[in-house]
Structures are given as C-alpha cells and as structure tokens.
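Input: a single structure, listed below in structure tokens.
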Amino acid sequence: MKNIVILISGRGSNMEAIVARCADEGWPARVAAVISNRADAAGLAFAREHGIATAVVDHKAFASRESFDAALAQTIEGFAPDVVALAGFMRILGPEFVQRFDGRLVNIHPSLLPAFPGLHTHKRAIEAGCKVAGASVHFVTTDLDHGPIIGQALVPVLPDDSEQALAARVLVQEHRLYPRAIRWLVEGALRRQGGVVRHAGGESQLLWPTQDAAPR
Ligand code: GAR
C-alpha cells in the first residue's frame with residue numbers, strides 16, 4: 001500500500017478528486033495525509049471528515065524559506081510518502097526540498113505548460129488569443145510550474161470566454177487528469193527519460209475535452 005501525501009493551500013478540490021478516485025478505483029494506495037501551509041485552508045475540513053490525517057505548517061512562523069521547507073519536509077516524511085502531490089499549494093519550494101522528493105513530487109498547473117507558468121493563467125491565455133487552454137501535471141523541478149510533463153488535458157477557449165468560465169471548465173478537467181496521473185505514479189507505470197515521461201503501458205497522457213466542454 002503506497003502513501004500519498006497531498007499539499008494544499010486553499011479549497012482543495014483537486015485533493016478531493018484524488019481521495020474520491022483512490023477509493024472508487026481501489027488503488028494500491030491511500031491518502032495518508034493532507035498538509036497545508038494555511039490553518040484556514042478549506043480543504044482541511046474535508047480531509048478530517050474523511051478520516052485523513054492533517055497537518056499545518058504555517059510558513060509565517062518561519063524566519064526563512066529554508067527553515068519552512070525543512071519543517072515541511074520533516075512533517076511529510078512522518079507519513080512515509082511514496083507520492084507528494086501539490087494540489088493548489090501556493091508556496092515556492094527550494095532546491096533542497098525538491099531534490100529530497102525528486103521523482104515523487106508532482107504538481108498540477110492550470111495551463112498547457114510550458115505556456116503560462118505562474119498566476120492568472122486563464123486571463124493570460126484569453127488575452128493571448130489562445131484557442132486551446134488546459135491543465136498539466138508535471139514532476140516538480142526547481143523551475144516554477146515547470147518539469148517533465150506527466151499528462152495534459154485540453155480545454156477549448158470559447159470566443160466569449162471569461163476568466164471565471166474558462167477556469168471552471170479547466171477545473172473539471174483537472175479533476176479527471178490529476179487522479180489519473182497519481183494512479184500512474186502509485187502503479188509505477190511511468191518511465192522518465194530526461195525531460196520526457198511516458199506511460200509504460202501506452203495509456204494516453206493527453207485528455208481530450210469531454211462533449212460538454214466542446215466548442216459551440
Ligand atoms: C487549481 O486550479 C490548480 O491547478 C492551481 O490552483 C488551483 C487549486 O484549486 N494551481 C496552481 O496554480 C499552481 N501553480 P483546488 O485547491 O480546488 O485544487
């Protein structure tokens with residue numbers, strides 16, 4: 001049984017999707033802990049209600065980024081993680097932390113990386129006139145929102161899209177993509193060669209939009 005540790009900073013809807021798929025699909029894994037840098041992260045309540053261990057490592061209680069990273073790493077290690085999933089975890093993690101969990105540390109970002117790392121991805125995609133947006137799950141490296149891509153989900157940008165409408169449609173696809181990527185990790189199905197990640201069994205690493213997300 002593999003241990004998944006999920007890091008959140010807020011709502012935690014991706015974390016919820018992972019918890020649900022893990023149970024529904026009977027993965028050889030469990031969500032061992034949900035950890036937040038914010039005590040008021042809404043997702044912590046969901047985790048507690050589902051009997052999942054929670055912890056808070058408040059970044060504001062630390063004098064330096066390094067000391068926060070070290071305390072966070074120690075808390076994570078307490079749950080013997082096989083996978084550490086950043087799910088809306090809005091802190092930048094330093095090189096020592098990234099190195100320590102290399103190969104086990106993944107992130108979801110709401111854009112088709114390497115386009116639009118950072119914030120306001122949907123607004124930037126609309127303003128750039130993109131016809132397609134989406135989400136990416138990737139191994140974490142020291143580059144912000146960048147690293148070997150495990151899977152991507154496509155979402156069309158509609159002519160009259162608002163940032164909120166696009167974000168909502170991308171989030172639906174995030175909830176399909178992230179659990180699938182985590183399942184591949186716990187199944188040991190991924191092969192990483194340099195910057196390229198392949199599913200050993202040939203499962204598609206690209207999720208196409210579902211019918212309800214198709215352009216009009
Ligand atoms: C998600 O859209 C996720 O892709 C994004 O934050 C949101 C968290 O929502 N992550 C990033 O922007 C990371 N750079 P959630 O808390 O409901 O899962």
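The values are calculated or read from the model by the stated rules, or taken from the named source; none is laboratory data. Every value quoted in this text rests on a predicted model; they were computed, and no experiment measured them. Please note: Cβ atoms are built from the backbone with ideal geometry, for glycine as well, and neighbour counts cover all protein chains shown.
Could you tell me whether region 54-67 includes any residue that is of a type outside the set (D, E), within 13 Å of the ligand (Cβ to nearest atom) and without any contact (Cβ under 8 Å) to a residue 60 or more places away in the chain?
no
Looking only at residues that are within 10 Å of the ligand (Cβ to nearest atom) and hydrophobic (A, V, I, L, M, F, W, C) in region 169-191, which one is nearest to the chain's Cα centre (by Cα)?
Across region 169-191, the extreme among qualifying residues is L177.
With P114, P110, P95, P81 as the choices, which residue is over 18 Å from the mean Cα position of the chain (by Cα) and not polar (S, T, N, Q)?
Every option except P95 fails the conditions.
Being assigned to a helix (DSSP H, G or I), more than 19 Å from the chain's Cα centre (by Cα) and among the acidic types (D, E) is the filter here, so list the residues in region 58-76 that pass it.
The answer is E66, and nothing else.
Please work out if A42 is more than 25 Å from L207 (Cα to Cα) and either within 16 Å of the ligand (Cβ to nearest atom) or basic (K, R) (or both).
yes
From the list A55, A20, which one is assigned to a helix (DSSP H, G or I), out of contact with any Asp or Glu (no Cβ under 9 Å at 6 or more places or on another chain) and either under 17 Å from L86 (Cα atoms) or among the acidic types (D, E) (or both)?
A20 is the lone residue from the list that is assigned to a helix (DSSP H, G or I), out of contact with any Asp or Glu (no Cβ under 9 Å at 6 or more places or on another chain) and either under 17 Å from L86 (Cα atoms) or among the acidic types (D, E) (or both).
Which members of region 135-161 meet the condition of being in contact with an Asp or Glu (Cβ under 9 Å, 6 or more places away or on another chain) and over 13 Å from V196 (Cβ atoms)?
Result: A135, S136, V137, V140, T141, A153.
Test A71 against the stated conditions and say whether it is under 20 Å from T142 (Cα atoms) and at pLDDT 95 or above.
Answer is yes for this residue.
Residue under question is A32, and the condition is that it be touching a residue at least 40 places away in the same chain (Cβ under 8 Å), farther than 19 Å from S136 by Cα, surrounded by fewer than 18 Cβ atoms within 10 Å (Cβ to Cβ) and over 14 Å from the mean Cα position of the chain (by Cα); does it hold?
Here the answer is no, as A32 does not meet what is asked.
What residue, among those in region 95-148 that are of a type in the set (D, E, K, R) and within 14 Å of the ligand (Cβ to nearest atom), is nearest to I8 (Cα to Cα)?
D145
Right, G201: free of Cβ contacts under 8 Å to residues at least 24 places away in the same chain and either more than 16 Å from the ligand (Cβ to nearest atom) or aromatic (F, W, Y) (or both) or not?
yes
Quickly run through region 164-180 and pick out the residues that are among the aliphatic types (A, V, I, L, M) and under 11 Å from L207 (Cβ atoms).
Scanning region 164-180 gives V172, L177.
All but one of (1) touching a Leu at 6+ places or on another chain (Cβ under 8 Å); (2) within 24 Å of D40 (Cα to Cα) hold for T75; which doesn't?
That leaves (1) as the condition not met.
Just checking, which of S67, S111 is hydroxyl-bearing (S, T, Y) and within 20 Å of A167 (Cα to Cα)?
So the residue among S67, S111 that is hydroxyl-bearing (S, T, Y) and within 20 Å of A167 (Cα to Cα) is S111.
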